[in-house]
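Worksheet for the structure shown next.
The values are calculated or read from the model by the stated rules, or taken from the named source; none is laboratory data. Predicted model, so just to flag it, every value in this text is computed and none were measured. Protein only, heavy atoms only, side chains kept; ligands, DNA and RNA dropped before computing areas. Shrake-Rupley method; radii C 1.70, N 1.55, O 1.52, S 1.80 Å.
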Amino acid sequence: MPTYERRENGWRAKIRLAGLPSESASFDTKAQATAWALPREKELRETRKGNILPRSLGQAIDRYLIEVAPTHRGSRYEALRLNALRGDGKGEPLPPLPVHKLLDEVTVADMTTWQRARLAQVKPATVLREINLLRSVFESARRDWQWCTGNPIKDVRKPPKPPPRRRVISQDELRRLLLAL
(Lines give C-alpha, C1' and ligand atoms only; values in the text may rest on other atoms or scores of the structure.)
Protein backbone atom coordinates (compact mmCIF):
# COMPACT_ATOMS: atom_id res chain seq x y z
CA MET A 1 0.00 0.00 0.00
CA PRO A 2 1.45 3.37 -0.93
CA THR A 3 1.95 5.96 1.77
CA TYR A 4 1.32 9.67 1.27
CA GLU A 5 3.12 12.42 3.08
CA ARG A 6 2.16 16.08 3.16
CA ARG A 7 5.10 18.34 2.32
CA GLU A 8 5.41 22.10 2.25
CA ASN A 9 5.09 22.28 -1.55
CA GLY A 10 2.77 19.33 -2.21
CA TRP A 11 2.44 15.61 -1.57
CA ARG A 12 4.93 12.78 -1.68
CA ALA A 13 3.86 9.23 -2.56
CA LYS A 14 6.11 6.39 -1.44
CA ILE A 15 5.90 2.73 -2.45
CA ARG A 16 7.71 0.02 -0.51
CA LEU A 17 7.55 -3.63 -1.50
CA ALA A 18 9.67 -6.44 -0.06
CA GLY A 19 12.48 -7.43 -2.39
CA LEU A 20 12.35 -4.24 -4.44
CA PRO A 21 13.87 -0.81 -3.87
CA SER A 22 11.42 1.79 -2.63
CA GLU A 23 10.15 4.42 -5.04
CA SER A 24 8.82 7.87 -4.34
CA ALA A 25 7.69 10.92 -6.27
CA SER A 26 6.40 14.37 -5.38
CA PHE A 27 3.21 15.95 -6.72
CA ASP A 28 1.21 19.13 -6.31
CA THR A 29 -1.96 17.41 -5.11
CA LYS A 30 -2.80 14.22 -3.26
CA ALA A 31 -5.01 13.14 -6.18
CA GLN A 32 -2.01 13.29 -8.52
CA ALA A 33 0.08 11.31 -6.03
CA THR A 34 -2.63 8.66 -5.77
CA ALA A 35 -3.04 8.53 -9.56
CA TRP A 36 0.69 7.76 -9.87
CA ALA A 37 1.13 5.47 -6.87
CA LEU A 38 -1.67 2.94 -7.33
CA PRO A 39 -0.87 1.86 -10.92
CA ARG A 40 2.87 1.97 -10.17
CA GLU A 41 2.43 -0.32 -7.17
CA LYS A 42 0.46 -2.75 -9.35
CA GLU A 43 3.28 -2.69 -11.92
CA LEU A 44 5.88 -3.40 -9.25
CA ARG A 45 3.86 -6.31 -7.84
CA GLU A 46 3.49 -7.83 -11.32
CA THR A 47 7.18 -7.33 -12.04
CA ARG A 48 8.10 -8.98 -8.76
CA LYS A 49 6.02 -12.01 -9.78
CA GLY A 50 7.97 -12.20 -13.01
CA ASN A 51 5.14 -10.98 -15.19
CA ILE A 52 5.83 -8.35 -17.81
CA LEU A 53 2.91 -6.03 -18.31
CA PRO A 54 2.09 -5.47 -21.98
CA ARG A 55 3.25 -2.01 -23.04
CA SER A 56 3.41 -0.43 -26.47
CA LEU A 57 6.32 1.35 -28.11
CA GLY A 58 4.29 4.57 -27.93
CA GLN A 59 3.95 4.19 -24.15
CA ALA A 60 7.70 3.61 -23.85
CA ILE A 61 8.40 6.76 -25.87
CA ASP A 62 6.00 8.74 -23.66
CA ARG A 63 7.66 7.56 -20.45
CA TYR A 64 11.13 8.17 -21.91
CA LEU A 65 10.10 11.74 -22.74
CA ILE A 66 8.91 12.31 -19.16
CA GLU A 67 11.61 10.52 -17.13
CA VAL A 68 14.81 10.08 -19.13
CA ALA A 69 15.04 12.79 -21.80
CA PRO A 70 14.90 15.74 -19.36
CA THR A 71 18.11 14.49 -17.72
CA HIS A 72 20.06 14.87 -20.98
CA ARG A 73 21.71 18.04 -22.24
CA GLY A 74 19.96 17.79 -25.60
CA SER A 75 16.56 17.02 -24.12
CA ARG A 76 14.77 19.59 -26.26
CA TYR A 77 16.05 18.02 -29.45
CA GLU A 78 15.39 14.48 -28.20
CA ALA A 79 11.80 15.46 -27.46
CA LEU A 80 11.36 17.05 -30.89
CA ARG A 81 12.82 14.02 -32.65
CA LEU A 82 10.82 11.47 -30.62
CA ASN A 83 7.58 13.37 -31.15
CA ALA A 84 8.28 13.48 -34.89
CA LEU A 85 9.11 9.77 -34.95
CA ARG A 86 5.98 8.96 -33.01
CA GLY A 87 3.97 10.88 -35.59
CA ASP A 88 2.69 13.99 -33.86
CA GLY A 89 1.27 15.31 -37.14
CA LYS A 90 3.58 18.34 -37.29
CA GLY A 91 6.13 18.77 -40.04
CA GLU A 92 6.86 16.32 -42.83
CA PRO A 93 5.31 12.85 -42.59
CA LEU A 94 7.85 10.27 -41.43
CA PRO A 95 7.74 6.53 -42.06
CA PRO A 96 5.51 5.12 -39.35
CA LEU A 97 7.10 3.47 -36.36
CA PRO A 98 5.04 0.58 -34.97
CA VAL A 99 4.00 2.68 -31.93
CA HIS A 100 0.82 0.68 -31.35
CA LYS A 101 2.65 -2.64 -31.23
CA LEU A 102 3.61 -4.13 -27.89
CA LEU A 103 7.32 -3.80 -27.14
CA ASP A 104 7.91 -7.56 -27.23
CA GLU A 105 6.09 -7.78 -30.57
CA VAL A 106 8.25 -5.19 -32.35
CA THR A 107 10.58 -7.19 -34.58
CA VAL A 108 13.89 -6.56 -36.28
CA ALA A 109 11.98 -6.69 -39.58
CA ASP A 110 9.71 -3.83 -38.42
CA MET A 111 12.70 -1.70 -37.52
CA THR A 112 14.58 -2.57 -40.73
CA THR A 113 11.54 -1.61 -42.82
CA TRP A 114 11.31 1.68 -40.95
CA GLN A 115 15.05 2.29 -41.45
CA ARG A 116 14.89 1.69 -45.22
CA ALA A 117 11.94 4.03 -45.60
CA ARG A 118 13.69 6.67 -43.51
CA LEU A 119 16.92 6.39 -45.52
CA ALA A 120 14.90 7.22 -48.62
CA GLN A 121 13.98 10.56 -47.01
CA VAL A 122 17.09 11.72 -45.15
CA LYS A 123 20.84 11.18 -45.01
CA PRO A 124 22.44 8.30 -43.06
CA ALA A 125 23.70 10.58 -40.26
CA THR A 126 20.11 11.51 -39.37
CA VAL A 127 19.04 7.87 -39.39
CA LEU A 128 22.00 6.99 -37.15
CA ARG A 129 20.89 9.62 -34.61
CA GLU A 130 17.34 8.30 -34.67
CA ILE A 131 18.47 4.68 -34.32
CA ASN A 132 20.60 5.60 -31.29
CA LEU A 133 17.65 7.40 -29.73
CA LEU A 134 15.30 4.47 -30.32
CA ARG A 135 17.93 2.10 -28.94
CA SER A 136 17.96 4.20 -25.74
CA VAL A 137 14.17 4.01 -25.51
CA PHE A 138 14.21 0.21 -25.86
CA GLU A 139 17.09 -0.15 -23.37
CA SER A 140 15.31 2.00 -20.78
CA ALA A 141 12.16 -0.07 -21.26
CA ARG A 142 14.12 -3.30 -20.90
CA ARG A 143 16.57 -2.44 -18.11
CA ASP A 144 14.89 0.19 -15.99
CA TRP A 145 11.18 -0.50 -16.34
CA GLN A 146 11.19 -4.25 -17.19
CA TRP A 147 8.62 -3.66 -19.93
CA CYS A 148 10.22 -5.97 -22.49
CA THR A 149 12.72 -8.78 -22.75
CA GLY A 150 14.78 -7.66 -25.73
CA ASN A 151 15.90 -4.78 -27.90
CA PRO A 152 15.02 -5.40 -31.56
CA ILE A 153 16.94 -2.39 -32.83
CA LYS A 154 20.23 -3.91 -31.61
CA ASP A 155 20.16 -6.34 -34.54
CA VAL A 156 19.41 -3.71 -37.19
CA ARG A 157 22.44 -2.92 -39.34
CA LYS A 158 23.39 0.71 -39.06
CA PRO A 159 23.93 2.73 -42.21
CA PRO A 160 27.56 3.65 -42.89
CA LYS A 161 28.84 6.77 -41.20
CA PRO A 162 29.32 9.69 -43.55
CA PRO A 163 32.89 10.83 -44.19
CA PRO A 164 34.11 13.66 -41.96
CA ARG A 165 33.96 17.18 -43.31
CA ARG A 166 37.29 18.56 -44.40
CA ARG A 167 37.43 22.08 -45.59
CA VAL A 168 40.57 24.01 -46.36
CA ILE A 169 40.43 27.77 -46.41
CA SER A 170 41.09 29.13 -49.91
CA GLN A 171 43.67 31.82 -50.73
CA ASP A 172 40.91 34.28 -51.58
CA GLU A 173 39.22 33.74 -48.19
CA LEU A 174 42.58 34.08 -46.46
CA ARG A 175 43.21 37.44 -48.19
CA ARG A 176 39.75 38.68 -47.16
CA LEU A 177 40.33 37.67 -43.55
CA LEU A 178 43.68 39.45 -43.46
CA LEU A 179 42.11 42.58 -44.93
CA ALA A 180 39.34 42.50 -42.37
CA LEU A 181 41.85 42.22 -39.55
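Quick look at the numbers
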| quantity | calculated |
| --- | --- |
| Accessible surface ranking that places the most exposed of Trp11, Trp147 first, with a 1.4 angstrom probe | Trp11, Trp147 |
| Relative contact order of the chain, defined on C-alpha pairs under 8 angstrom at six or more residues apart (%) | 15 |
| Sulfur and carbon atoms: percent of accessible area, the chain [1.4 Å] | 53 |
| Built amide H within the under 5 Å cut-off of Val106, gap 5+ | none |
| Choice from Pro54, Pro39, Pro98 showing the highest fluctuation, given a GNM over the chain with Cα pairs closer than 10 Å | Pro39 |
| Listed residue pairs exceeding 30 Å between alpha carbons, taken from Lys14/Lys158; Lys30/Lys101; Lys101/Lys123 | Lys14/Lys158; Lys30/Lys101 |
| Estimated vicinal HN-Hα couplings, Hz - the stretch 100-111 in sequence order (Karplus 6.51, -1.76, 1.60; Gly, Pro = x) | 8, 6, 5, 4, 6, 9, 6, 10, 4, 4, 4, 6 |
| Cα gyration tensor shape for the stretch 105-181, rounded if a/c is under 1.5, else prolate or oblate | prolate |
| Gain upon complete extension [Ser170, Ala31; 0.36 nm per residue less C-alpha separation] | 43.5 nm |
| By accessible area with a 1.4 Å probe, ligands and nucleic acids excluded, highest first: order of Tyr77, Tyr64 | Tyr77, Tyr64 |
| ³J(HN,Hα), Karplus 6.51/-1.76/1.60, whole Hz, each residue of the stretch 132-145, x for Gly, Pro | 4, 5, 5, 4, 5, 4, 5, 5, 5, 5, 7, 7, 7, 9 |
| Solvent exposure ordering (accessible area, 1.4 Å, most first) of Asp110, Asp104 | Asp104, Asp110 |
| Amide H contacts under 5 Å for Trp11, placed H, 5+ residues apart | Phe27, Asp28, Thr29 |
| Cα gyration tensor shape of the stretch 98-140, rounded if a/c is under 1.5, else prolate or oblate by comparing a/b with b/c | oblate |
